[in-house]
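The values are calculated or read from the model by the stated rules, or taken from the named source; none is laboratory data. The structure presented is a predicted model; accordingly, all values stated were derived computationally and were not measured. Here the Cβ positions follow ideal geometry from the backbone for every residue, glycine too, while neighbour counts run over all protein chains shown.
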């Protein structure tokens, strides 16, 4: 038996964005007639790899060969001409054009696209409809049909089944299998381990921008994949720190209680209680509804269903100011959303306390300065560049974002990935501060994309998957391997096992 | 959250759907008819002469609106449209003054090329400098206003009578003026091939969603560049139209045509966020904007109220558009 032809080979691909290394040494090999999973934890470099393959970014190093010929794509159009097409998590369809125009945009033949749409369950599609008027699910199918219609030899599918109902996923799988039978190659990115083991022949695993292994996806290979994703860090994380023992809360009124919360496409049904003095961690892969959850609680967006109680009262926030007044404050993932980069540390810290517009008159500078200085001292903010916040390092900016809430009074602190891209020393300081705040009676809800850090800061952790809570555990149990398994949906659902 | 909703709305009536998809094609012409009816009502002696002066007054503005429309559809903005009109206008007035008809026609081709080149300069700077288009075109607009004054210090110059009669004359009946024919012809000759070709699709695509267009394989930079070239070309047609209808070169025409052209584009249903709108709406809106001060004169009201009314109209139209979008979103 001769070995199947190698469609795509990636060798030693590297990419850095400024100081951040997204890919260090990524390699993979896709054979003709193969469906290959590309896996890795958050920030492992999957999407960077896909974007380099499809010409969205150029690579800094390494090589890509298609059927033995070296390629370097400068745009998605060039990648498409070489037979490599990607279907992204958010459909790359232009809203103000019709379906037919979108097909023409990507030079996809209309008849073939229609045929694929029929096969995907959209019989008699109205290609004259504007994309902006169509539901999201339909757009995903159109995007897929468009990719298939241009008849690529290599198809990349990025998280297409997230928030799709099971019957649609099944149809997509059937088409992927069909593609395989025709001797084409498919690279399939998914967080759902179950799908991967059913659909894929092999899995390539990335960790910190490096390909750490490829494995056959036979039954029982999930453990092997998780091991690859974790690597040697498991041992290190376990030895890191002893978690704080969980305290019993009994019948005390929770600071925050969320019941069956639902919002947008991603947040399906989440319930939990957060007590004063507690740091509750949330672990989840990208896009499992955590953003919507935080936005709902902080009053950034309205919920579609469910209830939020804080300190025993039912709340409905129409504006972040409502939440702040109720003592709920948010430190967002993207610092730039919250800070005034050209203004001083003092102004940034003092800003939220200017809340009520009814309070006229000059600002009591002396009192304000005292409060601000106090907060800055507590956080050990480096104040050498205090006149403009943008000149501070990322870690110090993040500290200022927390300091502004210390200067006001709050009861519940929501931290969304506060340590992303921050050096380890500052991380420790931020976690220590969260612990200190909890010890003083605040309740803290912390989402972090860096799973090993859950144990450093939290008392308890809940894991979200597919917009639902799939697991709850004490920090003592929450080692990285357990969290990662749960975050990939590898546990039975807690109560509503469907 | 139903599965596989077919993208299908067969139930919607053909005409209603047409109106919904092409609001500029239906709404603005109706609005203009209404305005014309009002005009005839308050000024029963409305004659072919009035119609002719309306067409002549509206033509350069309609072309300014067309220039702005192309750029705004592609997701940009061009605040140098008026200055490009002024430069091409004075260039024509200065060079054609002592020319014969044949030379004047040749010169207008040259002027069109210069207009396209000015647009190309805008496009190159916007694409390569990555400075926001508002800043780039505001500053190039300043430069070209200066150039216009260098070419022609004060209103003056001219063109051969036969050349001017192309715009000022009439065609078949005294109601149809050359300015109207020239406007329709020039917009059709430039825009229809563009809109029918792949370029038209790309202009709408990058205006609607640059990232999605890029991932669909569109060369976003080249398309933006071409949008500014077309903007420059339409401006040059406007500059030539201005001399045909006024007979002289006006170096200070810039500000009026930039702002009113943008106003006509918005009034004509072009979304300032890009990707939406057509060419008919803005061109017809230019007629409406020209008619307003005329009506005020007929009504013996200070025509300077025109600006107040123009501004109010734009706010109302934009608000109405937002309201429709909101209602549609609610219905879903």
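Regarding residue A:78, is this residue over 18 Å from residue B:204 (Cα atoms), more than 8 Å from every other protein chain (Cβ to nearest Cβ) and at pLDDT below 90? For residue A:78, the condition - over 18 Å from residue B:204 (Cα atoms), more than 8 Å from every other protein chain (Cβ to nearest Cβ) and at pLDDT below 90 - is not met. Evaluated against (1) within 25 Å of residue B:268 (Cβ to Cβ); (2) in contact with a strand residue (DSSP E or B) (Cβ under 6 Å, 6 or more places away or on another chain), residue B:93 falls short on exactly one condition, (1).
Would you mind stating whether residue B:104 is touching a strand residue (DSSP E or B) at 6+ places or on another chain (Cβ under 9 Å), surrounded by 21 or more Cβ atoms within 10 Å (Cβ to Cβ) and in contact (Cβ under 8 Å) with a residue 24 or more places away in the chain? Taking the combined requirement at face value, the residue does not satisfy it. Once the stretch B:179-211 is narrowed to residues that are touching a residue at least 60 places away in the same chain (Cβ under 8 Å) and over 16 Å from residue B:226 (Cβ atoms), the residue that is farthest from the chain's Cα centre (by Cα) is B:209.
Against the condition crowded, with 24+ Cβ neighbours inside 10 Å and touching a helix residue (DSSP H, G or I) at 6+ places or on another chain (Cβ under 7 Å), how does residue B:186 come out, does it pass? Criteria not met by residue B:186.
Would you be able to say whether some residue in the stretch A:351-373 is surrounded by fewer than 18 Cβ atoms within 10 Å (Cβ to Cβ), touching a strand residue (DSSP E or B) at 6+ places or on another chain (Cβ under 8 Å) and at pLDDT below 75? For the stretch A:351-373, residues surrounded by fewer than 18 Cβ atoms within 10 Å (Cβ to Cβ), touching a strand residue (DSSP E or B) at 6+ places or on another chain (Cβ under 8 Å) and at pLDDT below 75: present. For the stretch A:300-346, residues that are over 23 Å from the mean Cα position of the chain (by Cα) and not in a strand (DSSP E or B) total 20. Here residue A:63 meets each of (1) within 12 Å of chain B (Cβ to nearest Cβ); (2) surrounded by fewer than 24 Cβ atoms within 10 Å (Cβ to Cβ); (3) assigned to a strand (DSSP E or B) with one exception, condition (1). Every listed requirement among (1) within 13 Å of chain B (Cβ to nearest Cβ); (2) at pLDDT below 90 is met by residue A:93 save one, (2).
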